[in-house]
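Some notes on the structure that comes next.
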Amino acid sequence: MEIYKKIFSELRYPGQIDIFDGRSKIVKAYYPEKFKHWTIENNSIIRLHNVQPYQKSFENLLIEHKRLIYSLEDPFTENQFIDKLLSYKKKLEKIISIPIYSRVGIRGYFKVGYLKLEDFISKSKENVLFSSQFMECINKILNFSDLYIILQNSNSRLNMGPMKKDERNNYTNEFVENENMEDDYLLLDIDCFETDVLPKDLDRTAKRIYDRMNSIKSNLVNFFEVAFNG
């Protein structure tokens, strides 16, 4: 199945006043070697990107006094995102002493195609997602033609639903490129995270979170591959 993705990470930490004093050092740590453009917004938000405007950049890094956000759309390899994230994080730690990461989150938007929306709904009603008993109950009040599913536990959340090829919404607005799917597709939004991570444990924890997100994605893709293509 065709897959197109964008991966985000947010590393939260206690407010660091040194971010304000060290703005020039932080910019120079990434520019121009890693990012071709930079801006400082509201005297504290450092934004680094490779294309102007930043909304058109496939790679973005944002550093604030309480968080680092990194995003990469359409990575070349499976490990490109996590390798770059950890590399950029290390550059910041050389300038700012971060005592703890209160939250380490990695989130992926995956377009999984090609699945006609109508076929996805139809098969979902035929035991792929919902049992016949459930459908017998729900059909009495709601013969649905679209669906959006949320599953969550203590450190992961999955949002999932079929999308029309030309649909535009908050998800597609996050992508730079939206002309990459030949037909309707399944959108997977997978958010995995852990809290209260010490700097010495950050690399290992981030890799574990990243692996968990990819494992959820792979299991779902394999399931729908069999369910829809036999």
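Phi-derived couplings, Karplus 6.51 cos²θ - 1.76 cosθ + 1.60 at θ = phi - 60°, listed residue by residue for the stretch 102-108: 6, 8, 10, x, 10, 10, x Hz, with x used for Gly and Pro.
Sorting the segments 97-109, 162-174 by their mean number of nearby beta carbons within 10 angstrom, highest to lowest, gives 97-109, 162-174.
Of the accessible area of the stretch 28-111, computed with a 1.4 Å probe over protein heavy atoms only, carbon and sulfur atoms account for 49 percent. With a cut-off of 13 Å on the backbone N, the residues of the stretch 90-128 near the modelled label site 7 Å out from residue 201 along Cα-Cβ are 100-104. The distance linking the stretch 93-134 with the stretch 20-62 is 29 Å (Cα centroid to Cα centroid, whole angstrom). Principal axis extents of the Cα atoms in the stretch 140-230, from largest to smallest and rounded to whole angstrom, are 50, 37, 28.
For Cα extents along the principal axes in Å, the value calculated from this model appears in (i) 52, 44, 38; (ii) 63, 35, 31; (iii) 58, 54, 37 under label (ii).
GNM on the chain, alpha-carbon springs under 10 angstrom: the most fluctuating residue among 20, 110, 58 is 20.
Extension gain, residue 218 to residue 166: 0.36 nm times the residue separation minus the Cα-Cα distance gives 16.2 nm. For the chain, the solvent-accessible area with a 1.4 angstrom probe is 52 square angstrom per residue. The label-point distance for residue 130 and residue 43, in a model that sets each label 7 Å from Cα toward Cβ, rounds to 5.5 nm.
The values are calculated or read from the model by the stated rules, or taken from the named source; none is laboratory data. Nothing here was measured: the structure is a model prediction, and the numbers come from that model. Note: ideal-geometry Cβ built from the backbone for every residue, glycine included; neighbour counts use all protein chains shown. When the accessible area is computed, the model is the full protein with side chains, heavy atoms only, and any ligands, DNA or RNA have been set aside. Shrake-Rupley method; radii C 1.70, N 1.55, O 1.52, S 1.80 Å.
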